[in-house]
Amino acid sequence: MVFYMNIQNSQKCFVQLWLRLERTRRLFKAQFRRFCIRSIIKQWFGAEADDDFIWEVCHQTSLLLVKDEDCDPVYGWDELPPPKLYPRKHRELLRAIVAVSLDIGIRHVKLKALDRAYSIAFPNSTPINVNKKKAPSNSPLRGRAKTTPL
């Protein structure tokens, strides 16, 4: 199963990537293979997945995760958790794959479309932004600028 899908920066493509990621995880589990970035990329891209491509995806994923969370860098052989339970790392992985495949900047990948695609692909799973909380609408600090005493 080599990945012959035309990667695009669109929600429709992102839904397919999320579903493909889960199918790949199940395939690797059945074959007793490690579910890691290196194996995923080798499976999806075949001969096109050289060491430079894999390094670039891992590097981009690490930059995003270390910046957003207190995570260690991501390496090619690091085993990944299931995408339905821990979506943040996989979101950044898919974001990096799209950016490297299309040769665009990581910030040009449509993050809102990627998050909506996750909700479409896995409607009953862990929300992707579980750490983010909205301020209550009746909060006294809402709408005010914070000031510090002199």
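Would you check if residue 20 is closer than 12 Å to residue 97 by Cβ, under 19 Å from the mean Cα position of the chain (by Cα), at pLDDT 90 or above and open to solvent by 20 Å² or more (accessible area, probe 1.4 Å)? Walk me through how you get there before you give the answer.
Details: closer than 12 Å to residue 97 by Cβ: yes; under 19 Å from the mean Cα position of the chain (by Cα): yes; at pLDDT 90 or above: yes; open to solvent by 20 Å² or more (accessible area, probe 1.4 Å): yes.
When the stated conditions are applied, residue 20 passes them.
Take the conditions at pLDDT 85 or above, outside any helix (DSSP H, G or I) and open to solvent by less than 90 Å² (accessible area, probe 1.4 Å) and apply them to residue 7. Does it pass? Lay out the reasoning, then the answer.
Values: at pLDDT 85 or above: yes; outside any helix (DSSP H, G or I): yes; open to solvent by less than 90 Å² (accessible area, probe 1.4 Å): yes.
Yes: the conditions hold for residue 7.
In the range 102-128, what residues are within 15 Å of residue 87 (Cβ to Cβ) and open to solvent by less than 50 Å² (accessible area, probe 1.4 Å)? Before the answer, list the steps.
Here is the first cut: in the range 102-128, the ones within 15 Å of residue 87 (Cβ to Cβ) are 111-128.
Correct list: 113, 114, 115, 117, 118, 121, 122, 125, 126, 128.
Sort out which residues of the range 96-126 are part of a loop (DSSP other than H, G, I, E, B) and among the basic types (Lys, Arg), and write them in order of number. Break it down into steps so the answer makes sense when it comes.
Initially, the range 96-126 is screened for residues part of a loop (DSSP other than H, G, I, E, B), giving 103-105, 109-110, 122-126.
Across the range 96-126, the qualifying residue is only 110.
Output the qualifying pairs, or none if there are none: Cβ atoms under 7 angstrom, residues six or more apart or on different chains, first residue in the range 29-44 and free of Cβ contacts under 8 Å to residues at least 40 places away in the same chain and on the phi > 0 side of the Ramachandran plot, second residue open to solvent by less than 80 Å² (accessible area, probe 1.4 Å) and assigned to a helix (DSSP H, G or I).
Sorted first by the residue in the range 29-44, then by its partner, the list stays empty.
Any residue that is modelled with pLDDT of 65 or more and under 20 Å from residue 9 (Cα atoms) - is there at least one of those in the range 124-136?
Step one: list which residues in the range 124-136 are modelled with pLDDT of 65 or more, which gives 124-129.
With under 20 Å from residue 9 (Cα atoms) added as a condition, the list becomes 128.
Checking the range 124-136: at least one residue is modelled with pLDDT of 65 or more and under 20 Å from residue 9 (Cα atoms).
The values are calculated or read from the model by the stated rules, or taken from the named source; none is laboratory data. A quick note: this is a predicted structure, and the numbers were derived from the prediction, not measured. Heads up, the Cβs are rebuilt from the backbone with ideal geometry, glycines too, and the neighbour counts pull from every protein chain shown. Heads up: the accessible areas ignore ligands, DNA and RNA and are worked out on the full protein's heavy atoms, side chains in. Shrake-Rupley method; radii C 1.70, N 1.55, O 1.52, S 1.80 Å.
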